[in-house]
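Asks: Dropping a structure here in structure tokens format, bear with me for questions.
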Amino acid sequence: RDMAKFLKVPPLCLGGTVICLRTRVEDYLNATFHNHTALALHNWKTYGEMRMLAQEKYGVKLAEITLPGMTLEQGLDVLEIMRNIHVFVAKYQYNLHS
């Protein structure tokens, strides 16, 4: 079956509420791809390919999946500060006793 024809249906007005299937599908896919990528960073490429396939096959407009980089860099920064706490205190004139 070709599901793309359902995405071409104009917005429906039901009980004073306008429902656009295309927008609802796009919002659902955007949220799903983002959430799954955030939960399983090692599968980011797979979800990116699925996103591209949905765009090509159904013509939906999906957002780029943008997530912050690995938090390892942030952890190393904190570790570096802790290792050189005396440098941090002197450089930023931070008073550890107040």
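The values are calculated or read from the model by the stated rules, or taken from the named source; none is laboratory data. For clarity, every value in this text was computed on a predicted model and none was experimentally measured. Cβ sites come from the backbone with ideal geometry, for glycine too, and all protein chains shown count toward neighbours. Please note that ligands, DNA and RNA were not included when accessible areas were found on the heavy atoms of the full protein model with its side chains. Shrake-Rupley method; radii C 1.70, N 1.55, O 1.52, S 1.80 Å.
Asks: Mind listing just one residue for me: the one in region 1-25 that is in contact (Cβ under 8 Å) with a residue 40 or more places away in the chain and open to solvent by less than 50 Å² (accessible area, probe 1.4 Å) and, of those, farthest from LEU53 (Cα to Cα)?
Replies: Looking at residues that are in contact (Cβ under 8 Å) with a residue 40 or more places away in the chain and open to solvent by less than 50 Å² (accessible area, probe 1.4 Å), I get LEU7.
Asks: For the subset of region 68-98 comprising residues that are of a type in the set (Phe, Trp, Tyr) and at pLDDT 65 or above, which member is surrounded by the fewest Cβ atoms within 10 Å (Cβ to Cβ)?
Replies: Among residues in region 68-98 that are of a type in the set (Phe, Trp, Tyr) and at pLDDT 65 or above, the one surrounded by the fewest Cβ atoms within 10 Å (Cβ to Cβ) is TYR92.
Asks: In region 26-67, how many residues are open to solvent by 40 Å² or more (accessible area, probe 1.4 Å), among the β-branched types (Val, Ile, Thr) and closer than 23 Å to ALA4 by Cα?
Replies: 2
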